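The values are calculated or read from the model by the stated rules, or taken from the named source; none is laboratory data. Fair warning: this is a prediction, and the values are worked out from it, not measured in the lab. So basically every Cβ, Gly included, is an ideal-geometry build from the backbone, and we count neighbours across all protein chains shown. Protein only, heavy atoms only, side chains kept; ligands, DNA and RNA dropped before computing areas. Shrake-Rupley method; radii C 1.70, N 1.55, O 1.52, S 1.80 Å.
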Amino acid sequence: MMFFAAVHLIALVLLPSLASAQQQLLSDPEIYEKDFFRKQCQSVQFGEKFITRLDINNDGIIDAIANHGDLSCNGKQGVGCNDEGCPYNFYLQVKEGGYFMIATAQIFGYDFVKRFGNMVFVFKMAPHYCDRTDDKECQMTVRVRGARMVTISKQ
């Protein structure tokens with residue numbers, strides 16, 4: 001089930017173990033996500049960046065990321081977006097076929113870059129995720145290992 005409320009970073013820690021233990025595999029997260037919003041919204045439009053497909057865990061299999069900031073529901077852009085960013089759902093594809101969600105995060109965006117030979121996310125987040133009270137964006141570097149997101153650094 002998806003939630004529109006702001007999801008805190010703790011979801012990055014808790015959801016991976018829940019995802020692999022209890023979720024049924026989805027044939028395609030793009031179909032799943034779009035069908036969900038088609039049921040929730042009388043009119044919905046999806047942008048080009050609603051779904052991004054890339055290998056997020058360095059296993060050679062293409063995974064998927066859903067960006068709720070790149071959709072319009074009943075004329076409102078960015079379902080679930082607020083002053084801490086927009087919800088993103090991260091899905092891994094298994095070699096037998098199908099996908100499962102490993103994490104959801106409320107972020108402004110991300111860069112996907114190579115560090116020390118591995119691809120990692122640099123999440124752009126609200127400052128309090130880096131234990132700060134200023135207004136400078138938090139940059140959290142996260143690597144996907146197996147079916148878990150592991151925080152490498154925060155600044």
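How much net charge surrounds residue 130 when only the other residues with a Cβ under 14 Å from the Cβ of residue 130 are counted, with Lys and Arg +1 and Asp and Glu -1?
Its environment carries a net charge of -1.
Report, ordered by chain and residue number, the lysines lying within cross-link reach of residue 124, taken as a straight Cα distance under 16 Å and ignoring same-chain residues fewer than 8 apart.
Those lysines meeting the cut-off are 136, 154.
Tabulate in residue order the Karplus-calculated ³J(HN,Hα) for the range 72-84, using 6.51 cos²θ - 1.76 cosθ + 1.60 with θ = phi - 60°, rounded to whole Hz; enter x for Gly and Pro.
3J(HN,Hα) across the range 72-84, in whole Hz: 10, 10, 6, x, 9, 7, x, 5, x, 6, 8, 5, 10.
Report ³J(HN,Hα) in whole Hz for each residue of the range 50-60, in order, from the Karplus equation J = 6.51 cos²θ - 1.76 cosθ + 1.60 where θ = phi - 60°; Gly and Pro get x.
For the range 50-60, the Karplus-derived couplings read 4, 10, 10, 10, 7, 7, 8, 10, 6, 9, x Hz, x marking Gly and Pro.
Relative contact order of the range 50-99, please, whole-number percent, based on alpha carbon pairs below 8 angstrom and at least 6 residues apart.
32 percent
Tell me which residues come under 5 Å, amide H to amide H, from residue 109 once H is placed; ignore anything under 5 positions away on its chain.
124
Just the number, please: carbon plus sulfur as a percent of the accessible area of the chain, 1.4 Å probe, no ligands or DNA/RNA counted.
Using a 1.4 Å probe with all protein chains present, the chain comes out at 51 percent carbon and sulfur.
Hey, got the dipole for the chain? About the Cα centre, +1 on K and R Cβ, -1 on D and E Cβ, debye to the nearest 20?
Result for the chain is approximately 220 debye, rounded to the nearest 20.
Counting helices only, and only those DSSP H runs with n ≥ 4, report the 222 nm mean residue ellipticity of the chain as the sum of -39,500 (n - 2.57) divided by its residues, in deg cm²/dmol to the nearest 500.
-5000 deg cm²/dmol
Distance between the C-alpha centers of the range 91-121 and the range 35-74? Whole Å please.
Answer, in whole Å: 13.
Return one whole number: the accessible area per residue of the chain in Å², for a 1.4 Å probe.
55 Å²
Charges only on Cβ, +1 for Lys and Arg, -1 for Asp and Glu: so what's the dipole of the range 100-147 about the Cα centre, in debye to the nearest 20?
That gives the range 100-147 a dipole magnitude of about 300 debye.
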